[in-house]
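To keep things clear, I will list the structure first and then write my remarks on it.
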Amino acid sequence: MRVRIIDADRVLTGTGEVISPGTVVTADDLIAWVGTTGARPADWTGHRVERIRLPGATILPGLIDAHVHLGFGCAVHPRPSIQHSTRLEVAATIRRALRTLAAAGITTVRDLGAPRYVDVDTLATTTSRTRVLKATIPLTIPGGHCYSLGGTVTTDIEIGRLVAANAARGADWIKVMVTGGFTVSGTSSPYEPQFSDHQLRVIVAVARDHGLPVAAHAHGTAGIRQAVEAGVDSIEHCTWMTDDGGFEFDLGLVDAIAARQIMVCPTINHEALIARGRLAWAVRREQLTVMLGAGVRLLPGTDSGIPRTPHDKYTHSFPAYLNLGLTPVEVIDLATRRAAELLRIADRTGTLTAGLSADLIAVPGDPTQDLTVLSTPILAMTAGDLHYPVAVPTAEEYTRR
């Protein structure tokens, strides 16, 4: 057993407790003990013990980005890039993304679409311990959004086969392209549903048969309405757009989303506050403020992997949540404990609790006072795998046998 004792000025457990000074003890890939430094048990005799001191730092749970695309690689033109990339090239892109995420203190992601099971095959052979909740191949229509990923379906039989195949390959979520999109789209419209009501109900029903939740990509209001009526578990983007250049923000539908406890992942990235044009931040802020006020559960995610959205900029999206009225403490909670609960993995990660996975991050200073320190982690751990994103000359380590 490998034991690490990590001391810091403060520990945010994710359960509402702030311990100062605090210590986290990990044993192999699990958290073994969390508490006040002075109350730490004297020794773990008979084990290899590594002591890490981080003066001035804060330890908190690892961050969770609930909407990423590991295989896209931020290509300016994703569709031709994916179509013309070999499986080895996509696998290399995924491995590179995992390294980037680990260095940024992002210990869990939900990967909502990759080409032809390259994600599954790559994750099965990688040494990365970043937790990846996989959607494998998204369902779409011929020529529809992300059709180049290989998930084209037209009949109930084809729907059943693809959902079953995804489940057999280890999918944690089923992703369906309810509307067209903007980045990897074909000929379908972002403002209109791609599937019939019947087809979408079949997709949700078959996913339920396999015990899998459904994430629905939906921009236009008609598609959002269809997703809600079909009973999906999360709506991605949820931009309320119409094809005339405007928006149809349906307050009754917002209430239905809240009442049915459907999560909304608005895919807020590091450029949200400076967004211009069709979906300017002022418009988005008004939408999200109303949804929050109605009780809609927001799930934080960036859509990283699409153009101009690298995987290590998650924390740069946090000021947008502050602009929505959340406090720094609430933003941290949203990106850790709350995200884990909404993704149904709170029994594995999201808080610094003995027995859960050793997923944590250490940052200089106090993030409850200054969220920007989350962008410069000095230590990160994914399931016990330790990373030093930057040199930490003040850290002290020793090994005792």
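The values are calculated or read from the model by the stated rules, or taken from the named source; none is laboratory data. For clarity, every value in this text was computed on a predicted model and none was experimentally measured. Cβ atoms come from the backbone with ideal geometry, glycine included; neighbour counts cover every protein chain shown.
Looking only at the stretch 219-271, how many residues end up being charged (D, E, K, R), modelled with pLDDT under 95 and under 30 Å from His316 (Cβ atoms)? Spell out the reasoning first.
Kept after step one, since they are charged (D, E, K, R), are these residues of the stretch 219-271: 225, 229, 233, 236, 243-244, 248, 250, 255, 260, 271.
Those left that are additionally modelled with pLDDT under 95: 243-244.
Now restrict to residues that are under 30 Å from His316 (Cβ atoms): none.
Number satisfying all stated conditions: 0.
Of everything in the stretch 202-222 that is assigned to a helix (DSSP H, G or I) and out of contact with any Asp or Glu (no Cβ under 7 Å at 6 or more places or on another chain), the residue that is surrounded by the fewest Cβ atoms within 10 Å (Cβ to Cβ) is Asp209. Screening the candidates Ile157, Ile137 for the property of being part of a helix (DSSP H, G or I) and β-branched (Val, Ile, Thr) yields one hit, Ile157. Looking across the stretch 333-370, the residues that are surrounded by 23 or more Cβ atoms within 10 Å (Cβ to Cβ), over 20 Å from Val132 (Cα atoms) and either at pLDDT below 95 or touching a helix residue (DSSP H, G or I) at 6+ places or on another chain (Cβ under 7 Å) (or both) come down to Val363, Pro367. If the condition is being buried (at least 18 other Cβ atoms within 10 Å of the Cβ) and either closer than 20 Å to Ala103 by Cα or among the small types (Gly, Ala, Ser) (or both), then the stretch 314-330 contributes Tyr314, Thr315, His316, Ser317, Phe318, Ala320. The residue that is surrounded by the fewest Cβ atoms within 10 Å (Cβ to Cβ), counting only those in the stretch 130-169 that are over 30 Å from Gly105 (Cα atoms) and touching a residue at least 60 places away in the same chain (Cβ under 8 Å), is Ser148.
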